[in-house]
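Every read-out reported here was derived from the displayed coordinates using simple, explicitly stated rules and does not represent laboratory data. Since we're looking at a predicted model, the values are computed, not measured. All Cβ positions, even for glycine, are placed from backbone atoms using ideal geometry, and neighbour counts span all protein chains on display.
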Amino acid sequence: MGKLFDRTILITGGAGFIGSHVVRLFVKKYPDYRIINLDKLTYAGNLANLTDISHEANYTFVKGDIIDSEFINKVFLDYKIDSVIHLAAESHVDRSITNPLEFVMTNVVGTVNLLNAARKAWGDFKSDKNLFYHISTDEVYGTLGETGLFTEETPYDPHSPYSASKASSDHFVRAYFDTYKLPVVISNCSNNYGSFHFPEKLIPLSINNIKNMKSIPIYGKGENIRDWLFVEDHASAIDVIFHKAKTGETYNIGGNNEWKNIDLINLLCTIMDKKLNRPQGTSASLITYVKDRAGHDMRYAIDSSKLQRELGWSPSLKFEQGLEKTVDWYLANEEWLKNVTSGEYLKFYEQQYVAR
Ligand code: NAD
Ligand code: TYD
């Protein structure tokens, strides 16, 4: 007979950047939990992010699309899913400007499919372990002026198709709590950085470009501000919220770490010159100001005091340490970077797993 697990958790989007860190943390820390990683393996999903844990007894990968409601219902029944950590999403703002409908399909329709499947399955085999944990972003709150922070009470005011789709999915999750008493929790996190980050986002794109002596595109004047959190600190916050949160609650997650884009890139350039033994100033000479992103939010900054006060979470790393660690990882993992920028990994993994 197979091992009996304490819980069976469906993690969606577990082959992506943040999802892979969450899957790794849960698989390693909780051998008595069975982790089902459901991922479509889009351009952003990569099983090479999980090679170190893929053979663990409590880990199962299932390839599939959250837009496919029949398939999702079957996953809930086949694996007797008792809780969900939902990260699968289209996540890049620039792509959402080019193709908004894809974001509506995955981020809104996909989320509603998962909510429906949870509602149906947990109607049939209800347990006190049932929890639908939805991972969201601070971008739903819109943009800040020079002062102030986003709190859990800040009204939603999304500006990009990405943030509008995430806001919509958050509303559906709350509606299922209010209407059907589905046990849900939501967290809204600031910008993440760290290993396995797809090199279309600011930090990994810049590391890759500096490495290859290509220009670093800075949108507008580079004065937009983001609040950066090390991805492993986001994963640890998700662990704490999953285990301790009161259902129906929302928690903001952030590192209290605001950086103007241009200041961040200058710091990154200094680190890269040092690591690559290049004369100081080499990387900064690659900085190129380009046309601004349409609807570009000026400033994001998170007040995470509710999470810190009520659930006892705090970030572990200072930004300078985290950024240096991130650079070291990218320089040590050239093959990963080469594969994700060539698309080779997709071809390889498509042959390993057949869609159900
Ligand atoms: P990512 O783009 O790196 O990964 C997304 C994953 O979802 C990929 O593995 C992809 O294959 C999978 N996926 C996409 N569409 C799917 C579908 N239709 N069915 C099944 N799987 C699908 O994203 P990320 O940066 O890891 O973000 C994960 C979650 O965290 C998202 O919900 C995002 O909105 C949220 N978030 C991200 C950040 C950030 O800074 N990256 C900050 C706050 C919140
Ligand atoms: P990004 O990493 O795309 O995250 P988000 O848009 O979700 O905050 O961008 C972070 C910031 O960097 C944002 O203000 C846009 C800016 N940016 C650039 O200046 N150049 C780039 O090439 C990219 C990808 C982003």
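Report yes if some residue within the stretch 275-295 is among the polar types (S, T, N, Q) and within 21 Å of Ser190 (Cβ to Cβ); otherwise report no.
no
For residues that are aromatic (Phe, Trp, Tyr) and within 18 Å of Asn257 (Cβ to Cβ), tally how many sit in the stretch 184-232.
Going through the stretch 184-232 one residue at a time, the tally reaches 3.
For the subset of the stretch 161-190 comprising residues that are of a type in the set (A, V, I, L, M) and within 16 Å of ligand 1 (Cβ to nearest atom), which member is surrounded by the most Cβ atoms within 10 Å (Cβ to Cβ)?
Top of the filtered list is Val184.
Tally up the residues in the stretch 169-200 that are among the polar types (S, T, N, Q), within 17 Å of the chain's Cα centre (by Cα) and away from ligand 2 (no atom under 13 Å from the Cβ), please.
Selection size over the stretch 169-200: 3.
Restricting attention to the stretch 38-92, which residues are of a type outside the set (Asp, Glu), within 28 Å of Asn188 (Cβ to Cβ), within 12 Å of ligand 1 (Cβ to nearest atom) and in a strand (DSSP E or B)?
The answer is Leu38, Phe61, Val62, Ile85, His86.
Residue pairs, Cβ under 8 Å, 6 or more apart or interchain, first in the stretch 97-113 and free of Cβ contacts under 8 Å to residues at least 40 places away in the same chain, second among the β-branched types (Val, Ile, Thr). List them.
From the stretch 97-113, the pairs are Met105/Ile67.
Look through Ile203, Ile207 and report the one residue that is assigned to a helix (DSSP H, G or I), within 16 Å of ligand 1 (Cβ to nearest atom) and in contact with a helix residue (DSSP H, G or I) (Cβ under 6 Å, 6 or more places away or on another chain).
Just one listed residue meets the conditions, Ile207.
Give the residues of the stretch 281-300 that are on the phi < 0 side of the Ramachandran plot, in a loop (DSSP other than H, G, I, E, B), more than 10 Å from ligand 2 (Cβ to nearest atom) and touching a helix residue (DSSP H, G or I) at 6+ places or on another chain (Cβ under 8 Å), sorted by residue number.
If the condition is that a residue be on the phi < 0 side of the Ramachandran plot, in a loop (DSSP other than H, G, I, E, B), more than 10 Å from ligand 2 (Cβ to nearest atom) and touching a helix residue (DSSP H, G or I) at 6+ places or on another chain (Cβ under 8 Å), then Thr282, Ser283, Ala294 are the ones that fit.
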